[in-house]
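The values are calculated or read from the model by the stated rules, or taken from the named source; none is laboratory data. Nothing here was measured: the structure is a model prediction, and the numbers come from that model. Ideal geometry is used to build each Cβ from the backbone, glycine not excepted, and the neighbour counts take in all protein chains shown. Just the protein is used for accessible areas: all its heavy atoms, side chains included, with ligands, DNA and RNA removed. Shrake-Rupley method; radii C 1.70, N 1.55, O 1.52, S 1.80 Å.
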Amino acid sequence: MTDTQSARTILVIGATGNQGGGLVGHLLSSKAWNVRALTRSPDGEKARALARRGVQVVAGDMDDAAALDAAMEGAHGVFSMQEQAPEDDPMHEARQGIAVADAARRAGVSHLVYTASCGAKEPNRGVSYWDAKRAVIEHIRAIGIAHTVLRPVSFMENYVASRDAVAAGVIHGLLTPDKTLQVISGHDIGAFAAAAFTRPDDFLGQEIDIAAETVTMNDIAAALGRVAGHEVVYRQIPREEWHRVPPSGLAMNAWYQEYGYDEDIPALKRRWGIPLLTFEEWLRAIGWR
């Protein structure tokens, strides 16, 4: 890594979240980049923790074009991710992602890394979350900015959201217990994003589906039990209670149940040379109990 490259700045959008936080950790560990974080709450505890680690924290909102322009000034690269939009405004996520891409183009950013979802390849499935991300990808392609698109499978973080459920020894979901699904952690999504910035010759122009492990819901429960130190079992939510789930969530899980992700994980590891954590390894690595 040259001294010139070590002085370059990466703007991380979503730095206080799982994916952006994973990227921040990898960038700081490499000591090769300056890291800048865009947040709506620069005085919040998560933002202050980033600042203590040496991250430049700037206030801004993805709905504010002027704030995006200011945050990207002088940045070499931008990591873009957006939170899932509410059901009543599903394209809000798309508008934000498009705004970030346009701002990166205006700023002359050399490399935009956008993290979407493997589901973004699935049109007309009734999953607005996927539709929004697909719209952002299409826009990034259309404006011609130098980019990498990462399409992760289901997030490991989704399965530890309810500590109370794990403490009670039962987790719930819509899938059948033995249905296989693929998962990946924010830590490893961050590893791919960091590699994209560090190895642009390999990653520029690439759209990469990423997964770390293939498991069942029973496997997830068993891993949680081993790490928590007590038995955890999985129970499928009864169909009569599905009306409580938002329509996009039902549609997504229906696709998971009928089809699901089928990425070639060994080939992915060989192609990109990035170590990937299993669900249980990730739980232990973050000290989850």
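Taken together, G97, G77 contain a single residue that is in contact with a Leu (Cβ under 8 Å, 6 or more places away or on another chain) and on the phi < 0 side of the Ramachandran plot, which is G77.
Among the residues of segment 98-153, which ones are of a type in the set (A, V, I, L, M), closer than 30 Å to L181 by Cα and touching a strand residue (DSSP E or B) at 6+ places or on another chain (Cβ under 9 Å)?
Once the filter is applied, which keeps residues that are of a type in the set (A, V, I, L, M), closer than 30 Å to L181 by Cα and touching a strand residue (DSSP E or B) at 6+ places or on another chain (Cβ under 9 Å), segment 98-153 yields L112, V113, A116, A120, V136, I137, I140, V149, L150, V153.
Looking at A70, A32, A75, which is the one that is open to solvent by less than 60 Å² (accessible area, probe 1.4 Å) and either modelled with pLDDT of 95 or more or assigned to a helix (DSSP H, G or I) (or both)? Going through A70, A32, A75 in turn, just one is open to solvent by less than 60 Å² (accessible area, probe 1.4 Å) and either modelled with pLDDT of 95 or more or assigned to a helix (DSSP H, G or I) (or both): A75.
Considering each residue of segment 141-158, count those that are in contact with a helix residue (DSSP H, G or I) (Cβ under 7 Å, 6 or more places away or on another chain) and either open to solvent by 10 Å² or more (accessible area, probe 1.4 Å) or acidic (D, E) (or both), and give that number. Looking only at that region, the number is 6. Whether a residue is assigned to a loop (DSSP other than H, G, I, E, B), at pLDDT 95 or above and crowded, with 17+ Cβ neighbours inside 10 Å was assessed, and E280 does not pass this test.
Name the one entry in R53, R40 that is over 22 Å from T115 (Cα atoms) and touching a strand residue (DSSP E or B) at 6+ places or on another chain (Cβ under 9 Å). Walk me through it before giving the result.
Values: R40 fails: over 22 Å from T115 (Cα atoms).
From the options R53, R40, the qualifying one is R53.
Cβ separations smaller than 6 Å between residues 6+ apart or across chains give the following pairs from segment 14-27 residues that are among the small types (G, A, S) to residues that are surrounded by fewer than 24 Cβ atoms within 10 Å (Cβ to Cβ) and modelled with pLDDT under 95: G20/G14.
When you go through A161, A191 one by one, which is the residue that is open to solvent by 10 Å² or more (accessible area, probe 1.4 Å) and touching a helix residue (DSSP H, G or I) at 6+ places or on another chain (Cβ under 9 Å)? Talk me through it step by step, then tell me what you get.
Details: A161 fails: touching a helix residue (DSSP H, G or I) at 6+ places or on another chain (Cβ under 9 Å).
None of the others qualify; the one that does is A191.
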